[in-house]
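Enquirer: If you scroll down you'll find the structure; I have some questions about it.
The values are calculated or read from the model by the stated rules, or taken from the named source; none is laboratory data. Keep in mind that what you see is a predicted model, and the values were worked out from it rather than measured. For neighbour counting, all protein chains shown are included, and Cβ atoms are generated from backbone atoms with ideal geometry for every residue, glycine included.
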C-alpha cells in the first residue's frame, strides 16, 4: 500500500502512532491501494492548537474519506482512522 503524507511535521512519537493506526487498517478483509494523510494545524487558542486530519483511502471498491478536528492530535488521529475503518467495512 502506498502512503502519502502532507501537512505539519510530526515528532517521532507522533509518527509511530500514525504508523500504528495505518498498520491497524491493514487487516484481513480491508485491502487498500493507497492512503493519503493530510494533517493541518489551525488557529492558536492560548498555548493550544487545533488539528484536523483528512484521510483518503483508495481500494478496488472506490474512494473512502474521513475527517476529524480536535484539540489533541492523538485524539484526532484515533477518530479519523476509526471513521475510515468504519467506512471501509461498508
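Enquirer: Within the group 55, 25, which residue is closer than 16 Å to residue 86 by Cβ, surrounded by 15 or more Cβ atoms within 10 Å (Cβ to Cβ) and in contact (Cβ under 8 Å) with a residue 60 or more places away in the chain?
Expert: Numbers: 55 fails: in contact (Cβ under 8 Å) with a residue 60 or more places away in the chain.
Exactly one residue qualifies, and that residue is 25.
Enquirer: Right, something else. Could you please give the count of residues in segment 65-88 that are in a strand (DSSP E or B) and under 20 Å from residue 14 (Cα atoms)?
Expert: 5
Enquirer: Among (1) exposed (fewer than 15 other Cβ atoms within 10 Å of the Cβ); (2) closer than 17 Å to residue 74 by Cα; (3) modelled with pLDDT under 90, where does residue 15 come up short?
Expert: It fails just one condition, (3).
Enquirer: A further question on this structure: Of all residues in segment 8-64 being part of a loop (DSSP other than H, G, I, E, B) and over 23 Å from residue 89 (Cβ atoms), which is farthest from the chain's Cα centre (by Cα)?
Expert: Out of the qualifying residues, it is 46.
Enquirer: Checking residue 60 against (1) without any contact (Cβ under 8 Å) to a residue 40 or more places away in the chain; (2) crowded, with 17+ Cβ neighbours inside 10 Å, which single condition isn't satisfied?
Expert: It is condition (2) that residue 60 fails.
Enquirer: Residue by residue through segment 1-12, note down the ones that are in contact with a strand residue (DSSP E or B) (Cβ under 7 Å, 6 or more places away or on another chain) and closer than 18 Å to residue 78 by Cβ.
Expert: Residues satisfying the conditions are 3, 5, 7, 8.
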